[in-house]
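Take a look at the structure set out below.
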Amino acid sequence: MILNPRTYDPAHLDAESRRLLRATVDFFEERGKKALMAGYIDRAWYSDFLDFAAKEGLFATFLTPAADGGGDTRWDTARNAELSEILGFYGLDFWYTWQVTVLGLGPVWQSANEKARAHAAQLLADGHVMAFALSERGHGADIYATDMVLTPAGDGGFVANGTKYYIGNGNVAGLVSVFGKTPDGYVFFKADSRHPAYHLIDNVVNKQMYVSTFELRDYPVREEDILHSGPAAFDAALNTVNIGKFNLCTAAIGICEHAMYEAVTHAHRRMLYGKPVTDFAHVRRELSDAYIRLVAMKLFSDRAVDYFRSAGPDDRRYLLFNPMTKMKVTTEGEKVIDLMWDVIAAKGFEKDTYFDKAAMDIRGLPKLEGTVHVNLALILKFMPNYLFNPLELPEVPARPDAADDEFLFRQGPARGLGAIRFHDWRIAFDAHAELPNVARFREQADGFCDLLQDHAPTAEQQKDLDFLLSVGHLFALIVYGQLILEKAGDPVLIDEIFAVLIRDFSAYATELHGKTATTESQAAWALAHVRRPVSDETRTAEVWRQVVALVGAYEMKP
């Protein structure tokens, strides 16, 4: 389950995808750990990686839709997820330049502007990266309040004036998708960071990655530079997030995988009071818990890929699983790192480890990119139909096939989330009812449905976001469990994953019990649904065996 560069071979993908992914792994391994650490510490711009990506046509192959490229180019969420995980494995900074290129291309590939599409495809072929300029310092990503203003010019075009903030790749992007407004409404247009009217101000963060502030001063915008106008520009912004920020989950997975090799190997070889640190019961529990949570992250994310690739106008279930990956998978990544850090303690601060970088970078995914409270509030929009109004739908197959996910660029209006229908979530649970912890978690999930029907949130509670977030965490666990079960493999791991989910559900129920806004009947429900997982010494021993198998299994070349 855990990515190992020594043995990595994505045999489920086509030959060219396998070659490029393997070449990416080899690039980092040949550079070695010292160079990786030095670049991070010195905050050195990763021109060597971008040169490699340009030479291999990596971004061009993976990020150009088939209709706009040729040969092996396509937008294939399965192989994009593989690359995202690899880049996260070697460092968030490398992943970031890929991630914001994905975002920068979103408005372009959704546009009917053929000249702009052809220009973007050529830039990718030439090795350029892209940027996505939505947020502004005064109001973040509140796209209703943009201060990037386009004023009509005498030649039929516009001049753009305004400042964008927190824009990745803004120092070098060959194409920047910029959100602004004209007197007639919202607009997305393309800009070039090399243009003299594009003024780079600074890097907002103290990192290798360049997260820019830039200002456009009388920047000329021609008709051929316009990507979207009016409501379509608003939709393009939100739909780009649907496409691009899915990658947060695989970045978190890659970071945790690399850190886990270091942590488990160090702990198992460390002697304390005459015996290995891993002989202590609490250490085994924490490392096993971290491993199980990481496996769950991978299972959920892998299955979510299938829903993205099978999406269409009549199947938009991916719009629930996207905020789940941004919020749930990334916060689980934080827990994985924290559990391991409790074990390795001071080692996790040492500058020559990958772990101290992972411990910092893992925070950025849920806090900067996948804001937890925003995504929980979004997830709640799906809850009524998901839990109580199932629809019979065809089963979504596994999707490792070499296909172009072209629907992602014609998602349509970004509204109607509450009307999206789902197949019955109970089907996945029924298929694994023989596993004791799956059955016990199902009791909690059914109980959650009873809470909403018999002790439904009052009108006042529905205005209380703090209260609703506790409800959202409980609901998210059910969704998380469903996709894990649909991807299920080893029953030992699955039952242990659900032991963790039972504990998490109980913790969130206890939190709900303690909320000031919670009614007496809701509080009583909460305590009544605290459960203990079903323990099994044989299962626990097997999980620990899998953890110990990671000892020395991978260490980056010096």
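The values are calculated or read from the model by the stated rules, or taken from the named source; none is laboratory data. In this text the structure is predicted, and so the values were computed from the model without any measurement. Because the Cβ atoms are built from the backbone with ideal geometry, glycine has one as well, and the counts that use them run over all protein chains shown. Just the protein is used for accessible areas: all its heavy atoms, side chains included, with ligands, DNA and RNA removed. Shrake-Rupley method; radii C 1.70, N 1.55, O 1.52, S 1.80 Å.
Annotations for the structure displayed:
- Residues of the stretch 38-70 that are in a helix (DSSP H, G or I) and of a type in the set (A, V, I, L, M): Ala38, Ile41, Leu50, Ala53, Ala54, Leu58, Ala60, Leu63, Ala66, Ala67.
- Of the residues Ala78, Ala60, Ala15, the single one that is farther than 25 Å from Val211 by Cβ, in contact with a Leu (Cβ under 8 Å, 6 or more places away or on another chain) and of a type in the set (Gly, Ala, Ser) is Ala78.
- Taken over the stretch 198-231, the criterion of being among the aliphatic types (A, V, I, L, M) and under 29 Å from Trp95 (Cα atoms) is satisfied by Leu200, Ile201, Val204, Val205, Met209, Val211, Leu216, Ile226, Leu227.
- Note on the stretch 420-463: residues that are part of a loop (DSSP other than H, G, I, E, B) and crowded, with 17+ Cβ neighbours inside 10 Å amount to 8.
- A residue that is modelled with pLDDT under 95, closer than 30 Å to Asp342 by Cα and open to solvent by less than 20 Å² (accessible area, probe 1.4 Å) can be found somewhere in the stretch 268-278.
- The residues of the stretch 541-558 that are modelled with pLDDT of 95 or more and open to solvent by 70 Å² or more (accessible area, probe 1.4 Å), listed by number, are Arg545, Glu555.
- Residue in the stretch 400-419 that is touching a Ser or Thr at 6+ places or on another chain (Cβ under 8 Å) and either among the polar types (S, T, N, Q) or open to solvent by 40 Å² or more (accessible area, probe 1.4 Å) (or both) present: yes
- Matching residues in the stretch 347-384 - criterion: being assigned to a loop (DSSP other than H, G, I, E, B), of a type outside the set (A, V, I, L, M, F, W, C) and out of contact with any Lys or Arg (no Cβ under 6 Å at 6 or more places or on another chain): Glu350, Lys351, Asp352, Thr353, Tyr354, Arg363, Thr371, Lys381
- Condition check for Arg79: more than 22 Å from the chain's Cα centre (by Cα), of a type outside the set (Ser, Thr, Tyr), modelled with pLDDT of 95 or more and within 25 Å of Ile362 (Cβ to Cβ): no
- Scope the stretch 156-173; condition closer than 17 Å to Arg222 by Cβ and without any contact (Cβ under 8 Å) to a residue 60 or more places away in the chain; matching residues: Asn161
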